[in-house]
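Data block below; observations after.
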Amino acid sequence: MSTTVTRRSRLHRKEHQAALVFVAIPVIGFLLFTLFPLLFSVYASFTNWNGISAPVFKGLDNYTKMFGDRYFLKSLWNTIYMMIGIPVGLAISLALALAMNRKMRGTTFFRTVYYLPVISSIAAVAILWQWAFNGDFGLINQGLGLLGIDGPNWLQDTATVKPALIIMAVWKGLGYSMLLYLAALQSVPRYLYEAAALDGATAWQQFRHITIPMVRPVTFFLIVTSIIGGSQIFVEINIMTPTGGPEFESASIVWYIWQKAFDNLQMGYASAMSVVLGLLVFVITFIQFRLNRRNQFSID
């Protein structure tokens with residue numbers, strides 16, 4: 001009996017040690033590549049540091065400088081403005097999902113076509129749209145020319161550079177949002193629509209009072225992730241408008257942080273802007289979770 005217990009205890013210790021090794025790997029990765037850089041960034045935001053020499057503590061100088069920096073405020077406004085594409089993209093995605101949810105030929109083909117931009121390289125997509133928006137030989141202006149319209153120089157005009165980036169971002173994310181909405185639509189119980197139809201509800205009333213509430217969790221998820229992703233837009237800006245666009249009209253906050261950190265070697269100042277951006281995203285996400293909690297419902 002004692003021999004059996006001893007063998008079990010040895011086996012238990014070996015399993016416990018193996019489990020600790022597997023658990024330690026992601027924990028160490030989190031500490032080295034997430035927590036430590038986060039804490040160091042907060043510390044660096046209070047310093048004058050160029051990334052090479054030792055940081056010099058400056059207190060709140062970077063933060064006071066930031067809110068007097070018109071380029072920081074401009075890039076922050078640009079980032080917020082370009083998030084106009086989020087509700088536009090969600091509305092189009094829901095409309096496409098409703099169309100794809102019908103029984104008709106070619107739905108698999110169209111789902112694949114709409115999802116292709118999602119799995120495509122963002123750099124390749126940005127180069128493609130940079131060519132399409134070219135004011136001299138771009139595909140979009142050629143199409144407008146066939147209609148007798150003289151298209152603008154999209155990426156070099158202050159009035160059109162942000163709408164051009166919004167169009168590209170909406171196009172890039174349509175497939176992902178559409179598939180999530182499609183999955184949500186297919187999980188809606190059919191008896192809800194049948195009961196509503198028996199009560200004389202029109203198609204619009206069914207959409208408003210059944211479809212919209214039932215896909216609300218997906219909408220909430222997409223809004224949160226889109227805001228987090230939209231606040232970090234960088235690659236598209238850096239490729240399509242590498243100088244921040246005309247009169248700094250397309251510079252995003254992350255692009256400006258990158259410019260200050262790696263072009264001007266103002267790592268401390270860039271860290272301060274990163275901290276402020278992280279706090280803004282956290283506050284917005286927290287508010288969204290609170291609002292979503294009030295709107296939760298269940299079906300018995």
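The values are calculated or read from the model by the stated rules, or taken from the named source; none is laboratory data. The structure presented is a predicted model; accordingly, all values stated were derived computationally and were not measured. With ideal geometry, Cβ positions are generated from the backbone for all residues, glycine too; neighbour counts draw on all protein chains shown. Side chains included, ligands, DNA and RNA excluded: accessible areas come from the protein's heavy atoms. Shrake-Rupley method; radii C 1.70, N 1.55, O 1.52, S 1.80 Å.
Annotations for the structure displayed:
- Between residue 136 and residue 221, the contour length at 0.36 nm per residue exceeds the alpha carbon distance by 26.6 nm.
- Placing dummy labels 7 Å off each Cα toward the beta-carbon, the span from residue 70 to residue 192 is 5.1 nm.
- Rounded to whole numbers, the Karplus 3J(HN,Hα) couplings from phi for segment 207-218 are 5, 6, 9, 10, 5, 4, x, 6, 9, 4, x, 5 Hz, using 6.51 cos²θ - 1.76 cosθ + 1.60 with θ = phi - 60°, and x at Gly and Pro.
- Size check on the chain: the Cα extents along the three principal axes, sorted descending, read 77, 65, 36 Å.
- Residues whose amide H comes within less than 5 Å of that of residue 47, counting only those at least five positions distant or on another chain, are 58 (H built at 1.01 Å from N in the peptide plane).
- Heavy-atom surface analysis with a 1.4 Å probe gives segment 136-178 a carbon and sulfur content of 62 percent of its accessible area.
- Cβ-based charge dipole, the chain, positive-most Cα from 246, 114, 78: 114
- Close Lys-Lys pairs in the chain, where close means Cα under 25 Å and separation is 8 or more or interchain: 9
- The mean accessible area for residues of segment 1-153, using a 1.4 Å probe and ignoring ligands and nucleic acids, is 71 Å² per residue.
- Helical content of the chain, expressed as a calculated mean residue ellipticity at 222 nm, amounts to -21000 deg cm²/dmol (DSSP H runs of 4 or more residues, -39,500 (n - 2.57) each, divided by residue number, nearest 500).
- Residues of segment 163-300: accessible area per residue with a 1.4 Å probe, Å²: 53 Å²
- Vicinal HN-Hα couplings computed from phi for segment 75-86 (Karplus, 6.51 cos²θ - 1.76 cosθ + 1.60; Hz; Gly/Pro x): 5, 5, 5, 4, 4, 5, 4, 5, 6, 4, x, 5
- J(HN,Hα) series, segment 176-190, from Karplus relation 6.51 cos²θ - 1.76 cosθ + 1.60, nearest Hz, glycine and proline x: 5, 5, 4, 5, 5, 5, 4, 4, 5, 5, 6, 9, 6, x, 5
- When 131, 77 are compared by accessible surface with a 1.4 Å probe, the order from highest to lowest is 77, 131.
- Two-site FRET efficiency, residue 127 against residue 53, from Cβ-Cβ distance with R₀ of 41 Å, rounded to 0.05: 0.65
- Placing a label point 7 Å from the Cα of residue 228 along the Cα-to-Cβ line, the residues of segment 115-146 whose backbone N sits under 20 Å from it are 118-119, 122.
- Once both labels are positioned 7 Å from their Cα atoms along Cα-to-Cβ, the gap between residue 35 and residue 282 label points is 1.6 nm.
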